[in-house]
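Derivation of every value follows stated rules applied to the coordinates shown; laboratory data play no part. Note that the coordinates shown come from a computational prediction; the quantities given were computed from them, not determined experimentally. Here the Cβ positions follow ideal geometry from the backbone for every residue, glycine too, while neighbour counts run over all protein chains shown.
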Amino acid sequence: MTTLKVGVVLPSLAAQLRDGLDLRIAAQHAEAAGFDSIWHGDHLATGQSSLDLAVGLATVAAATERVSVGASVFVPAIRPLVWAAKQVASVQHVSGGRLILGIGSGGGPAQWAAAEVSYAERGARTDRALDLLPALLAGDPVTVGDQEVVLAPAVTRPPFWVGNSAPIAIRRAARAGDGWFPSLITANAVAVGAARLAELTEAALEIAVGTAGALGAGLLSRKEIAARLGASHGTQLNDVPITGTPDEAAARMIEFHDAGATHLVMGFADGDWRSQCDLLAEAVRLMR
């Protein structure tokens with residue numbers, strides 16, 4: 001038996017059109033299936049159709065009651081800081097405090113150019129956001145530039161899960177986060193990162209892992225999913241995807257839990273989204 005929590009990435013606009021879904025239907029299906037969290041990405045000018053993160057999360061928050069709503073991952077540094085805080089506070093308010101804020105500094109240079117923000121400054125701007133967002137969200141006075149800013153409504157700060165598996169992300173998580181949120185890494189890499197976190201902080205941080213896969217027969221194989229992911233990420237990911245039967249998926253999830261993961265977030269690489277949710281929910285029941 002494991003206490004690993006499991007969430008799902010909401011379907012893309014293309015998948016919604018293919019499967020006859022919208023965000024509200026998908027969110028309600030995931031909540032009814034018993035998942036702990038549902039997740040929406042943060043993308044700008046990628047060449048693919050996508051919704052604004054805050055709009056997407058507000059939509060699914062209004063359509064659900066229990067499930068946590070997560071940003072996978074929010075990029076505060078690509079926005080003016082106070083505007084980023086206002087978006088976070090708004091989603092936290094309308095969700096009734098159910099937001100989990102994955103935070104990263106990703107996205108290719110083209111997205112940063114489209115936002116008219118220097119790509120070279122993304123690290124420093126991310127650190128500044130991690131430092132100042134708590135006070136902004138709490139409604140405390142914060143000096144931004146030469147102006148004192150107080151945001152309302154004040155909200156309870158959502159947990160900050162720092163994305164990426166790079167050493168700098170682990171250091172950020174230890175310094176200013178409530179969790180570490182790497183994606184597309186193996187269970188062995190999770191164990192290595194967890195050990196590094198333990199060296200850097202005595203705090204008990206969440207370790208959430210984003211992964212991808214497809215369950216059931218007649219879909220993309222693990223090798224095929226890995227090849228597609230590897231082509232888009234520029235690295236080898238052969239051991240990452242979760243595939244096979246619910247029993248096999250449960251065994252893989254237990255491997256991540258044994259390595260130190262407390263939360264697993266699954267994106268579906270193939271198949272009907274609702275059917276994939278149902279198969280993964282079965283795997284979760286078998287795991288627990």
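Placing unit charges on the Cβ atoms only, positive for Lys and Arg and negative for Asp and Glu, gives region 1-79 a dipole magnitude near 80 debye about its Cα centre. Tally the DSSP beta bridges in region 126-270 and give the antiparallel ones as a percent, rounded to 5. Of all bridge pairs located within region 126-270, approximately 15 percent are antiparallel. For region 162-179 versus region 1-72, the spacing of their alpha-carbon centroids is 24 Å. Think of the chain as a dipole: +1 on every Lys or Arg Cβ, -1 on every Asp or Glu Cβ, centred on the Cα centre; then among Ser72, Thr143, Gly20, Thr143 lies furthest on the positive end. A Cβ-based charge dipole, computed about the Cα centre of the chain with Lys and Arg at +1 and Asp and Glu at -1, lands at about 140 debye. Judged by the mean number of other Cβ atoms found within 10 Å, the most tightly packed of the peptides 231-241, 17-27, 62-72 leads the ranking 62-72, 17-27, 231-241.
For Val149, nonlocal amide neighbours, meaning residues 5 or more places apart or on other chains whose placed amide H falls under 5 Å from its own, are Val142, Thr143, Val144. Most simply put, region 5-287 has about 10% antiparallel DSSP beta bridges, counting only bridges with both residues inside it. In the chain, taking the dipole from charged Cβ atoms about the Cα centre, the farthest positive-side position among Gly123, Ile185, Gln92 is held by Gly123.
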